[in-house]
Each structure stands twice: as C-alpha cells, then as structure tokens.
Amino acid sequence: MAAGSLFCASCSKVLDEQPQGVVSSEELNTPENAEKMVIAAYSALGNDYWQTPYSSMWAYGSIRSGDAYKGGDGPGDVGDFNAFETFNLNRVDLANADATWYRLYLAIGRVNDALTRMNNLTAEQFALRETRQAELRFLRGHFYFLLKILFKRVPYIDESIPKTDYEKISNTDLTDEQLWDKITADFRFAADKLPESQSDRGRSTKFAAKAYLAKALLYQAYIQDDRNNVTSISQPKLTEVLSLTDEVINSGKYSLSADFANNFLSRFENGPESVFAIQYSKDDGTPNGRSDNGHSLNYPMNVEYGCCGFHAPSQNLVNAFKTSAAGLPLFDSYNAVNTAAGDDFVTNSFDPRLDHSVAIPGHPYKYRPSFIFQVSWTRAPQVYGRFMSMKETVLPDDPAFKRFPPFMSSSKNWDIIRYADVLLFKAEALIELGRFNDAVPVINSVRTRAANSTSLLIKTDGSSTSNYRIDTYKPGINCVWTQTYAREALRFERRMEFAMEGYRFFDLVRWGIAAEYLNSYFAVEKSRASHLRDAFFKKNRDEYLPVPLNQINFSKGLYKQNTGW
Amino acid sequence: MMKKVIFYCCLMLMAALNSVAQTRTVNGTVTDQQNNPMEGVSVGVAETGKATQTDAKGKFSIQAEPGQTLKFSYVGAKLYTVRVGTNATVNAQLDLTNSLDDVVVTGYQKERKKDLTGAVAVVNVKDIKDIPLGNPVKALQGRVPGVQITADGSPNGAASVRIRGIGTLGNNDPLYVIDGIPTKRGLQELNQNDIESIQVLKDASSATIYGSRAANGVIIVTTKRAKAGYSRIDFDASTSLQFYTSKLKTLNAEERGRAYWQAAVNDRSDPNFNQIYQYDWNNNFDNPMLNRVIIPEFIDGAKTMRSANTDWFDEISQQSILQSYNLSIANGTEKGNSLFSFSYYDSKGIIKETRGKKLTGRVNTDYTLLNGKLKIGENFSGTYMKDVLIPTADVTGLSQIVFSIVPVYTINGGWGGPAAGMADRQNPVRLIEDNKQNYNNFWRVFGNAYAELQLIPNLLLRTSYAIDYNGNYARTLRKSYTSGFLSDPSNAVNTLSNYDGNRIWQNTLSYAIKKDKHQADFLIGQEQINTIYQGFSGTRQGLALENLDYAYLDAGSTLKDNAGSGTSSALLSYFAKANYSYNDRYLLSATIRRDGSSRFGKENQFGYFPAFSAGWRLSEEKFIKETLPVFSDLKFRYGWGKNGNQEIANNATYTLYSAVYGTNAVGNYDAGTAYDISGANTGQLPSGFALIQQGNNTLRWEETAQHNVGIDFALFKNELSGSVDYFIKKTSDILINPAYLAVIGEGGSRFANGASMQNKGIEFLLSWSKQLNKDLNITLTGNASSYSNKVTKLPAEILTSYPGNGTDKNILGRPVTSIFGYVADGIFKSVEEVNNHAAQPGKDVGRIRYKDLNGDGTIDALDRDYIGNSAPNWLYGFNTSINYKNFDFSFFLQGVQGSDVTNTYKGLTDFASLAPGANFGNRTLQAFTPQNSGSTIPALTLVDRNNEGRTSTYFIESGSYLKLRNIQIGYNLQPVLKNLKVQRARIYLQASNVFTIKDKSYTATDPENPGNAYPIPLITTLGMSVSF
C-alpha cells in the first residue's frame, strides 16, 4: 500500500470516468428539449419493422382475417405469422406477440416521458404547451388502441404513475370498459385542446382526434363479455360516434380523393382524404430513410424489387371483388367459383378496387400498363398462390422508393385514418342505431368514388384491365334495403374499401362474428391453400392474442392471461 | 631505470606470451542424465565473462584457461560448475531430474514449479512452435486440460478460449498477460516464434493476483529475450497447402427437380405448378412415376440465365497456400541483451479471395547498470494485419442454398442469381468478387518500459509503464449489382477508423528471504489501467466509378452519412502476496488484491479479492522416501480464492439519453428519434432523445470463488509424471442486463448483479517419457478434463430468457448450455399410427411424430423438455513424440466427447418445406415414401404443416469427435551442416486436421464446425528452421 500511495498521488480521480456522447434526464427539461421529446414520441409511430408491423397492422389484421395469406417462402418463413394466420398454431410464448407488445409500450414510454416534461412547463415558459400535451395524448390513445385490439386487457400506464410503480400495475386493474374509457379520454382531451389545423402536416388536429375518438367509441360500443362474446351494442356510444363523424364531415376539412388510387400513391400523400397519417421520409440524413419499414417484406420478387413476397391476397378475397349484373357484391355466392387467372377477369365483372388492391398475373402492376405482374414475381406460388398485395408498395422509379437490400420500402405515408373510414363509421353507427336508410347515401358516396376510379386501371392499349361493373345501392331498384341487408352491405363495403389495409380482423371481432366467419372461410379455403389445412379459429380464445408469457413471467404473475389461453 | 623498464617489459611480454600459451579453446558436450545432448545450455567462464551456448548436438567451444571456472546453466537444471583442467575437452552432465526447478511466471513474479500450490498448466511451447495456424492459441487446442478452445478455419480467425467452462453469463474470455501486461485481446496478433513460454492459471488461488478480470482464468505469455552469452540468428520458413475437405453434398440441378417433384406428388399437388422445372410423369398421385425432369433452357423470362449444374462449393473454394517466415536475432552480454525479430505470415484461405496477412516486429532489450543493481529494459512489438473482407459465413451458407441450376454468370457475362421460385439469396461468387477489393487494416503496438532496482540485497523495486494500442482502418467499396431478381443500383464507399488504447502502470516491491529451512518471499504492488476507445466512420453513395482507387469519400455524391462514438474506463488496484515454504515441504501462499473500477457505483467501486493456498510435498517426507521411493515427487495442493469480473458497459451506472436520429436498421427496428413532422418527405428532420439505459449505482463486482484440490506426482525418476485437479467454482452476483417488463419501455436495459452459477470439474494430465536406448526417446502425454455447469440462481422474471418454458421447466439447476424443445419420436408409418397418436396439428403418414410428454393427448408447447446440452462431457488430447537419431516424429489427437450440437444444416439437407426456395442436401433423396418407409427422414412436402422446423431432437446430433490435429516428422540436418557454423538446422513435414472420426448420428460434415463458420482446412506444411 505504501508503494501504491507513493506512486499514485491523486488516486481518487483515477476512477472518475464521465459518460461520453450522451445526456442526462435533467438536461431535457427545457422547453426546447421538451419539444424535441414530442418529436421523439411521434417518431415511434413508424419505428416498427417487418417483424412487428404495428404501423399498418397487416400481420395482425389482414392475414388473420381471411383476406390474405402470410406469404413469403413458406409457413416457416416468419413462422409466428403462420401461427397467427392458422390460429390453432398460435402460442403464448411466440416472440412476435411479445415484441409487438414491447414496442408499443416503448412508444407509450416516449409519450409519457415527453408528457411529464411538458406538464412541468408553464404556459408562460412554453406557449404551445397545451397543444403539445394534446398531441401527445392523441399519440398515447393511438398506441393503447392498438394494444387494446390486439390483446384486450393491458396494463394502463400514464404519466401520473412513477416509474418505480410500473411493476405494480396489472393488466386487469381496469375493466374492459374502463380501459376503453382511458383511451377515449385521451382522444377527448386531444379533440378538446387541439387546433383545427396545424402548420406541420404530421401533427394531429382537432378533427383527427374526433375521428379517432369516433373509431374508439365504435369499437367500445360493441360490448363484450369476459369470453369475448359481443353481448350488446351501446346505443349512446353509437349516437356519439354519429355526432363525432358528423362534426368531422361537416368541418369541410376532408373529402374523398378523386381517385381511389390517390390514397396509395406517394405523390398524393397528405391529400384531402388523409385524416391522420404516419409521415415517412427518405434522404433525410439517415442511412435508410425514416421509411415504411413495416411493409418492407411486401414487395414482389423480380429484378426491380427482389424481396420478399409477403402479404398475399387470399383466393377468397379476390373472389369477393366479383359483382353481380347489377354491379353489387355477391354476398352469398361470390366464393362458389374461383376467379383465378386469365379470362376470369373478363368474363366476370368486378369492383374496380380489385385492381387497386391485388396484383394479378397479367395485369399492370401499380397502375403502370407496361409493368405487367408475373407469376414469377410471387415467392412461393405453390403455397401462397399467385396474387400479391399492392396498396402498400410503390413503383421502383417512384421518388419515394427506398431500397436497402435485401429489403425495400418507401417514404410513402401510411394512413391510420382516412376519410372513407370516417364515412363508414358513420354508416355503421346509423345502421346499428336502426337508421339504416340514412346510411345508404353514405355508403354510396364511397361506392361512387370507387366507380369513378378506373382511369388508371388500363392496359397499354387503353382498355380496362378487368371487366368493371359497380353500382350504388338503390333500395327498391337493385336491392331490398333492410337493416340486415344494410349491415351486410356495410361490412362488405368495408372489406372492399380497406382490403389489405390491416384492420379487417378487428372489424370481425368487433362485430362478434370472427369465429363463424373464419371457420367457414377455412372450410373452403383449405382446399385451395394447403397451408390452411389444419387452421381453426377457437371461439372465446382467438379473438385476442394471448398476453405474452414473457410479460406474465416478468410481472411475476401479476398479469392475468386472456380468456381461453 | 632503463633496466627496470626493460625488465618489466620483458615480464609483461612473457606474461602475454604465457597467456597466449595458456588460453586455449575448450570443447565439450553437455548432456542430461540420459545422455541426451542438450541444446541451448549457457556456458560461461566465471572469471572472464566469456559466454556461449551449446548447439543442437550439445556441443560448445569457449576460450578458457586452466584453473578458471566454467558455469553451465539451463532453465530447469541445477547450475553445474567445473574447473578447467589441463584437458581440452570438458563434458558436463546436467541434472534435469528436477524439472520441478523450472521457473514459472505466476503473476508479477516467478516461482519454482515445485513451490506452486495453485492449478497452473505449463504449455510445452516446443510442441506447437511449427504449427502455422496464425494464432498461437489455436495450436493449444486439446493440449491443456481444462481449457476448451474452439476456432474456425479462417485465415485469421480469432479463437474462443474457455478455461474451466462457461463461468458467467457475460464475457467468458480469459485475461491474457503478455510480458506482464494484462490485455483482453487474444494472442492472434503475436508472432508464434516469439513465444518463450505459456502458462495457464486456472484456479482462483493462482489467478487472484490478477484480481479484476481474472475470473475466467489467466493465460500468461512470456516472449523470448536474449541471455548473456547468447548470440544467435534464427530463421524459420514454411509453406503450406490448405484443402477444403468438409464440403456438404447438395443436390445437382436434376436432383433438385426430382426432390421438388416428390414433395409435390406427396402433397398431391401438381408438380408442374412450378416456376423452373417441368415434369414428364404419369399424373397418378396414387402411384406416381416420374419419367423425366424437364430442365428449361433458361431459368429466367429474359433468357439470360442458361440452366446450369453449378456446384457452388466448388465455385467458392480453392486449394490455397499459406506461407510463414520468421527471422530473429539475439545477442546477449553481461551488460545488456537484445532480441530483434520479424515475421511475415500470409494465409490465403480455402474460400476464394480470402486472405490474411500479418507482419510482426519485436525488440526486447535490457541493460544492466550499477553493478547489476539496476536493470532497465523494454519489450516492444508492433503488428500489422491485413484481411480481405469477404462475408465468408454468407458465402458458405449460400453455397448450400443457391440452386445448382443457377449459372454463375449470365450469357452476357453478368451475375447469375435467383430466378422465380427461389429464395432471395445472393450468388456467393458475386459476394466474393464484389468484396475482394475490400480489406481491413489492423495495427497494434504493444509494449512496456521497465526498471528494476535492487534497493538492498533481495529487495527489488520494479516499475513498468505499458501501452497497448490497437486500431482498424478500412475503406470499403460496395458495388452495384444485378444478380437474378436481386439488384441494387446504388454503390457506396465507407471509411472507418477506430482505436482502443490501454495504458498500464505497474509498481511492485518484492523481497525474498531464506534462512535455514525457511524460505519466504513477499510482494506488494499497485496497478493502474486506463482504457479509451474512439471511432468514427463515414459513408457516401453515388460513385461515378466502382474501383477502390477512386472510391474515397470525396468521390461520393449522395447520401452522406457518418457516425462516431467514444468511451473510456479505468481500473486502480493494489495487491500483496506472500509465499512461504518450510524445508521444501510445506508450502503456503496468500494473496490479497483490492480492485477499483470506474464501471461501478461510487460506493462499490472497490472489491477485495483474497486467496489462500497450501501445499505439502510428501515426497520430501522421510516416510515416503523410505516406503515409496518410487515417487520422485508427490505433492498435495489446495487453494481457494476469489476473482472479480467487471465486463459491463463503461457507463452502466448512469441513466442516459441519447440523440439517436435514425439508425441503420436493415431487418430490424429503427430506434430513431427523428420524425418528418412537417411532411416534407426529405431533408433534415427535427429529432428528440431516447432513453438508452437506466443507471444502477449499486452495481458491484461480480465474484467467482473457487476451491481447487490437486495432486502432482512423478514416479520412476520422473519417467512418469502427472497431475489431477478437482475444482468447484461458484460465480455469484453475475452481471446481467436482464430483459424487463415491457411497460418500462425504452431504455429499460439496466445492468444488475443477479445470477449465480456453479462449475465443477476434474482434470487429468499424465506424461511418460523414456530414453529407450541411445538413439530412441519416446514421450507420451495425455490429458482429459470434464466439467459440469449449472445455473443456481436467476431472478424469476428473467427465467424465460433462458432455455425453458418459463413456468415449471426452467434453467435453474441445469447447464446454461441446455437445449429445450420437443422430442421427435420417429416417423408415422401408417394411418393407424397417425390416428393412435395425440392431437398434433399437421400429423400425417411420413411426418415426424412428437412425443406427448405430459400425456394430455395434445402436442403443444407443454410437451417441450430439455433435450440436450451443447457443452461436452469430456475434452481430451493425446500427444506422442518420438526421437530417433536425427529424426523426430510426433502426432497429436484431440477430441471432445458427449456434446450435443444443433445441426442447423438439417433444415436444408432433410426438408423440402423449411426453405422451399433453397437447394436441398442429398439426404432429401432418401426421404420417406410409402415405398421407402424405413427411412428416418420425413416425407418431402412443400408445406410444413407439421411445424417440423421446431426445436426438436430431430436436429440434435452428437458433437463428439476425435481429430488427428497434427502429425509431423522432422530431420535434424545440423550434423551435415556443422562446417557452415550452423547451430541448428531442421526440416520438417507436417499436416494439421488430417482426419476426423465423428459419431454416425452427425449427418453434416464437421461436428466441430456445425454452422456456417469458416470451414476448417486440412493443412500440409513443409518447413525448415536454421540457426547460426
């Protein structure tokens, strides 16, 4: 020791090493930095990736709905998605569900961190304090909404709870109803405090909040029991949905895009139909752009793209686009005969939204007549058929296209709510409130726009890609408009309008028909797609993903598993 | 007066003449007791300081006068002195019976081997000297009991070294001490020829002196120095050929087509619904018969890729040449010694274009001043390495995956690549060709300057200041390409530079005392280590030309990106050690070390690491000497000690936010904090901060306590010798960065002291050496070791992070290397068997049956159990060396027994469904069909409905193997060349990795290398060593 102290005059300082290139929490409390924390919270909207695509929900809402197969190389390629698609292979310990749960709480953590800092500022210190608080609560509402429809019962943590208490919050502290109330409370606050418009296009606004509030209330209106059965529909909630959607509609801020295609083309992003969208970017100083990583598996396998052939429309979905001689959907008979290839698309008639949503061999890809989709562009046609999804992709020479081999993506925004959704929320509320006749013009407005959206669906010679025939509902003329019929029309309309956009399964669960619908889908589809041969939806279980086993373990048993699991 | 002068002159002349007459050349031979000539013995004249060394024949010649004293000294032998008489020949026989007098470096000091009380293994450096593996540690594989070394065959691959098993959940690398300087880097940057000795400190009582970072064991390397009277030039050269002997058998173009057909008809789906192959068959699913596989002329619609029959393993591999040269010049006098060495190592790998080059230089010098009271010296080495950056793991993996029908090149000379129906995988030849211009430059300077001052007799003060700096520089060009349906029109240049720096200051004071039968020495010391890391990189895209001479950052026009980071840490330690022996019989040793690390919280920065050991040399006791004279040595040892581990992030105690902006997230989430809030789509984005970690200022040292008992023995005058060691090693407060409850959100990552584990093991070493006759000497050395590991404590909430189901089956009480999964119970052979089995989604004839372990009638996640352990039960090695006249011959066998490996290749060699877009292995041709129902390979199918890719015993195979690691034969040319003043000359022929005996159950090629790591080559070497 003597020698030691001899040689080390200032030993106490030797071990003082300061962290480098980082900041401490205290340094982030200034208005300037708190404002930056709001940006960090927004950035979580698009911080998913192909394995946890919560930005578009295609892996949870589309491939579980009968609208799409998983796609890719085979059932083992991202096998967790195969478990989701077939339901009976789903397990409590799948990494994907756990990762999705985790990443959504990560996003909520960013919101709560920013909100804490914002709350600690005064209006004098920061004039935009209340607006930012409202934006943050809008974001939090969104992330909890996703958790809610995926897992049903989740622990609710807001900025009032100190971090040290997080481990004490159970997923069953709140009832199903109370959890919805928490989510709608955030949207209510946002709707109340947000300005009608914001100079930054990416920020939420008053009417975006009202639209999302309407969406959340519509889900909440279908009251479920503890076993996920829909037992009743709350009329007051539906009434509120109706008034909120009317406020949004009457605000004059939004309208349907002239062409359905505009919603899926980068040059029209942030158009009149976009109520709230994830703002993606590229050439922004990051290596791959802050781009749409959640869809990065969903491009065709050709030389222009190269990977990975996920998210394949089911044969059932393609069949569903067939229309009757009157230009209306074939509710009962659409699935009797396959429309698969070649002349099938000429001899039958179709809703034009087919060629906006589904890439079909021999048809132009993504509105380019000279760019013909080939069977060879699909990944494993012997397993997942010959169709691919198209709404999420862009052309290879699109300015938004971003390649980061082996994956590819784009900076094209992804709409979380578009105006057509608001219209159909309204129609659904009207029908379930018994005012089904009032829903006719609302649904028809969406159909009319679809009918007017064929100008881009042409071949090189200018002729139509498929044989389109679509008409509006004309009660007494081409249909008998009862409440039952209206309900069916609305549900079919949602399927056509939002095919492959990621929320179909959650519609089915909301309506309480998931088990019946999917098992009858499997009964037929398994003869067409052998990977579905053992698929089965277990009622009173598969409406929700299980609470990830990891989380139950980490909570030391505080979290309770979902019913049926 | 004049007379007087003349008288004196005459006298002096006479004296001179007299001395001319009397000083003469004394010649002689030095041998050991078995009359083996001894090379390298220092021979000195005590009176004049003249010195020389014996040659390979044990011969020396020196100028000496009668009456003067000749000293013969040799490490491990008793000093021998003899007075020069009138005879011109002086022969000496040195007493080597006691190699126990060998001096062993044990940490800031040296001890005699016979005094050791800890588990210290001494490596026989001579055995490995000529094995050209590029990394001395690789050559140690199997040679030291209790040390497991795993390495691949890359030209410059690092090796993984585990001393006494996996002892912690974090970093398990041992500490290396090179010439007294501690470092965590391995030995791959060292010139193998520079190594004088290697010792491995395995137990805590010996390693504790290195306190911090010694918990995984310590490997001590001492480099060569010149010695007084030592003047020599050594030159070594060798050339080797390397061969790729472990190629996996894949399907050729036609066979791949047949396998697909079989899978399709098994599924009763149309085989012609396929994008490459067409089939002429009987269209009868009940009795399918294939007439012909129709291979298309082209595999792509554009007709640029003509169907081929490529053997990708052949395309990517080569026989390669490895060259190694070493020159060292040593010169020693009484006043100072110097050694200079230079080496060049150039290994072209067996994967085309792979290459690792290494240049090393070393200067070790010391000067003796103040009548030997002060010694000042230095060790300095510089290393430069240049490695071609070929993504070899991708290349070997892709050679399995890419279809044989894919041509290497298109008809236009472009790259062949995947076509419709194939996986999105790169042409491996393109990966080689497009990366061959890229290489990494690595440099390292390592060395110290030291001074040793003898304050009073036996009290030595030593100070040493060392630097260990290493860094990388690489400028890499990523080329654009089109290869099948894969393409990337962009190119990019990346330049990176970084360095790690360590500065180490050590001060020790040692004192030795010997009185009567008591012998003791004491050491106190202090050590301070500062480390720093700095790095940055830049990238630009949009290069007009794609050649490396052009590809500088300035030449890039778009997508400029850069990155940089830095970190630092410090260690401050004090230590003391005392050794005591009574009558060479009773040995005691005690150590205490106090380590402070900047990585821990203020209150817990310092940890105490004590150790204690004792030995009893029974062979010195009268009753043994009388009753069991056969024992030339017998010693019992016991030691206990504690070591520390601090392998966590430098700033783990702090809660930190970071401006992340955006990350380079390919196939992963982007943790960025920037967002295009304005909807501009492009340009600089506003950005926030992300919480990256939660601090924990209660972090403290991870501790490993270890008991070791051992016996050293030697019989029949040391003809047979060996040792047995048994240890129990308990690691507690293991530093973990556990997964956490998701609601904690971002930056929940937090280091904590949380887990415990235990290793128990036993190690054997046995050596037999005998001079059978004048010309023949044989030495056999065998070693074996075994250990078992179990996790004894883990926080409940992180149990699921380890193999197990998180509830009733968990890793506690099991080896951390356990494998958890389903039990595959053969293949369903009939509908009846299928019907009688539990509910198993996807079960069918020809499919794998999984065991219903919990007997609930359903195969689900609850039917998983522990199905294997990837750690071996036994590691062993056996070396034989024979000397006959001028020949020497040796071979070395090494093996592991009882390990389970997950054969990841099996997903491709046995299945058509797990990666339908890949080529398969040729085992698929033997898969189950109703006609071939005896097969153990499940029926081919296109759709894996039975979830057969799940972790199951189907993929677990025996990893046991026995390899002939090395065999060599050498011939001593010195007698032929002695007229050329050659002291030593040897030529040799050797081969490494000659053959492998593996368990039948292992279905791939090399169980030592079960993944896509660089294949281990067969190496044949011709080499020579000469000394002047």
What fraction of the Cα pairs in region B:332-425, stated in percent, has a spacing above 18 angstrom?
69
Cα pair distances of chain A binned at 20 Å [whole percent]:
20, 55, 20, 3, 1, 0
Set the Förster radius R0 to 22 Å, insert the Cβ-Cβ distance between B:Thr951 and B:Phe995 as r into 1/(1 + (r/R0)^6), and round the FRET efficiency to 0.05.
0.10
Take every Cα pair under 8 Å in chain B that's 6+ residues apart, average their separations, divide by the length, and report that relative contact order as a whole percent.
10
Take the Cα coordinates of chain B, assign each an equal point scatterer, and use the Debye formula without solvent to give log10 I(q)/I(0) at q = 0.04, 0.06, 0.07 Å⁻¹.
-0.25, -0.56, -0.75
Cα convex hull volume per residue for region A:230-269, in Å³, equals 109
Just list whichever of A:Lys526/B:Lys843; A:Lys237/A:Lys538; B:Lys59/B:Lys981; A:Lys163/A:Lys193 have alpha carbons separated by over 19 Å in the model shown.
A:Lys237/A:Lys538; A:Lys163/A:Lys193
What nm value, rounded to one decimal, do you get for the distance between A:Lys474 and A:Asn270 when each label is placed 7 Å out toward the C-beta?
4.2
Report, please, the projected area of region B:666-740 averaged over directions, based on the convex hull of its C-alpha atoms, in nm².
12.2
One finds, for A:Arg368 and B:Asn412 with R0 = 30 angstrom and r their Cβ-Cβ distance, a FRET efficiency to the nearest 0.05 of 0.70
Rg ratio (alpha-carbon, reference 2.2 N^0.38 Å) - region B:418-566
1.84
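Using alpha carbons only, what's the Rg to Rh ratio of region A:414-534 with Rh from Kirkwood? Kindly include the intermediate steps, with their values, before the conclusion.
Details: Rg = 16.7 Å, Rh = 16.4 Å.
The Rg/Rh ratio comes out at 1.02.
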Placing each pseudo-label 7 Å from Cα in the direction of the beta carbon, B:Asn773 and B:Asp584 end up separated by a distance in nanometres of 3.5
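Can you compute the FRET efficiency between B:Ile711 and B:Tyr499 using 1/(1 + (r/R0)^6), with r the Cβ-Cβ distance and R0 = 56 Å? Round to the nearest 0.05. Walk me through the numbers before you get to the answer.
Values: r = 47 Å, r/R0 = 0.83.
With a Förster radius of 56 Å, E is 0.75.
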How big is region B:391-497 in terms of Cα radius of gyration and Dmax, in angstroms?
25.5, 84
Computed about the Cα centre, the charge dipole of region A:349-393 from +1 Lys/Arg and -1 Asp/Glu charges at the Cβ has a magnitude in debye, to the nearest 20, of 100
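Using helices alone, I'd like the mean residue ellipticity at 222 nm for the protein assembly as shown: each DSSP H run of four-plus residues gives -39500 (n - 2.57), total over residue count, nearest 500. Before the final figure, lay out the partial values.
Details: 31 runs with 309 residues, N = 1593.
Helix-only estimate at 222 nm: -5500 deg cm²/dmol.
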Cβ-based charge dipole, region B:905-1028, positive-most Cα from B:Phe995, B:Phe955, B:Asn922
B:Phe995
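For B:686-697, what's the mean count of beta carbons from other chains sitting within 10 Å of each residue's beta carbon?
Working: counts 8, 8, 15, 13, 9, 8, 1, 2, 1, 3, 0, 0.
The per-residue average across the peptide is 6.
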Formal net charge of residues neighbouring A:Asn553 (Cβ-Cβ distance under 15 Å; K, R +1; D, E -1):
-1
Cα centroid separation, region B:952-992 to region B:462-481 (Å):
33
Rounding to the nearest 20 debye, state how big the charge dipole of region B:630-770 is about its Cα centre with +1 on each Lys and Arg Cβ and -1 on each Asp and Glu Cβ.
540
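Rank-order A:420-427, B:390-397 by packing density, defined as the average count of other C-beta atoms within 10 Å over each peptide's residues, highest first.
Numbers: A:420-427: 24.9, B:390-397: 21.6.
Descending mean neighbour count gives A:420-427, B:390-397.
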For A:Cys308, the residues 5 or more places away or on another chain with a placed amide H closer than 5 Å to its own amide H are A:Asn298, A:Tyr299
How long, wide and thick is region B:198-247, going by the Cα atoms along their three principal axes, in whole angstroms, largest first?
51, 42, 14
What average number of partner chain Cβ atoms lie no more than 10 Å from the Cβ of the residues making up A:197-203?
4
When all C-alpha to C-alpha distances in region B:841-974 are sorted into bins of 10 Å, what percent of pairs does each bin hold, rounded to whole numbers?
11, 27, 25, 16, 11, 8, 4, 0
Computed over the Cα atoms of the protein assembly as shown, what is the convex hull's projected area averaged over all directions, in nm²?
68.0
Interatomic Cα distance distribution for region B:218-377, bins of 5 angstrom, percent
2, 7, 10, 9, 8, 8, 7, 6, 6, 5, 5, 5, 5, 4, 4, 4, 3, 2, 1, 0
Cα-based Rg of region B:107-174 per 2.2 N^0.38 Å, rounded to two decimals?
1.28
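For the ranges A:113-120, A:525-532, A:436-443, A:61-68, what's the packing order if you count other beta-carbon atoms within 10 Å of each residue, average per peptide, and put the highest first?
Numbers: A:113-120: 21.8, A:525-532: 18.5, A:436-443: 20.0, A:61-68: 27.8.
Most protected by this proxy first, the peptides run A:61-68, A:113-120, A:436-443, A:525-532.
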Total charge of the residues flanking B:Gln278 in space, meaning their Cβ is under 15 Å from its Cβ, with Lys and Arg +1 and Asp and Glu -1, is -1
Given the pairs B:Lys335/B:Lys386; B:Lys114/B:Lys358; B:Lys110/B:Lys978; B:Lys113/B:Lys515; B:Lys184/B:Lys730; A:Lys210/A:Lys459, which are separated by over 31 angstrom at their Cα positions?
B:Lys335/B:Lys386; B:Lys114/B:Lys358; B:Lys110/B:Lys978; A:Lys210/A:Lys459
Quick one: give the max-minus-min coordinate of the C-alpha atoms of region B:534-597 along each principal axis, largest first, in Å.
80, 25, 11
Whole-Å distance, taken between Cα centres, linking region B:690-734 and region A:338-379
67
Cα gyration tensor shape for region A:251-324, rounded if a/c is under 1.5, else prolate or oblate:
oblate
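Given the peptides B:793-800, B:149-156, B:180-187, arrange them by the average over their residues of other C-beta atoms within 10 Å, most packed first. Walk me through the numbers before you get to the answer.
Details: B:793-800: 18.8, B:149-156: 22.9, B:180-187: 20.4.
Top of the packing list down: B:149-156, B:180-187, B:793-800.
Give B:Lys202/B:Lys373; A:Lys152/A:Lys206; A:Lys560/B:Lys793 a once-over and call out the pairs whose C-alpha atoms are over 32 Å from each other.
Working: B:Lys202/B:Lys373 34 Å; A:Lys152/A:Lys206 27 Å; A:Lys560/B:Lys793 25 Å.
Those over the limit are B:Lys202/B:Lys373.
Stick to Cα atoms and the Kirkwood definition of Rh, then tell me Rg/Rh for region B:968-1013. Let's see the in-between values first.
Values: Rg = 20.1 Å, Rh = 14.4 Å.
Ratio value, two decimals: 1.40.
Determine the sum of side-chain charges near B:Phe235: Lys and Arg each +1, Asp and Glu each -1, restricted to other residues whose C-beta is under 12 angstrom from that of B:Phe235. Can you show the working numbers first?
Numbers: positive: B:Arg232, B:Arg984, B:Arg986; negative: B:Asp234, B:Asp236.
Once positives and negatives cancel, what remains is +1.
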For region B:223-300, place one equal point scatterer on every Cα, skip the solvent, and apply the Debye formula. What is log10 of I(q)/I(0) at q = 0.24, 0.25 Å⁻¹?
-1.12, -1.17
In Hz, Karplus ³J(HN,Hα) per residue of region B:886-898 (6.51, -1.76, 1.60; θ = phi - 60°; x = Gly, Pro):
8, 9, 9, 9, 8, 9, 9, 10, 9, x, 10, 10, x
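If a/c stays under 1.5 just call it rounded; otherwise compare a/b with b/c (prolate if a/b is bigger, oblate if not). Do that for region A:101-188, with a ≥ b ≥ c from the square roots of the Cα gyration tensor eigenvalues.
Working: a/c = 2.13, a/b = 1.68, b/c = 1.27.
Cα axes put region A:101-188 in the prolate bin.
In peptide B:744-751, how many Cβ atoms from other protein chains are near each Cβ within 10 Å, on average?
For peptide B:744-751, the averaged partner shielding equals 6.
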Pairs on different chains or at least eight residues apart, Cα atoms closer than 21 Å: how many lysine pairs in region B:567-723 fit?
6
Between region A:211-247 and region B:204-279, what is the C-alpha centre distance in whole Å?
60
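Taken together, the values in this text are just the output of simple stated rules run on the coordinates, not laboratory data. This one's a predicted model, so the numbers in the text were calculated from it and none came from an experiment. A quick note on method: Cβ atoms are made from the backbone with ideal geometry, for glycine too, and the neighbour counts reach across all protein chains shown.
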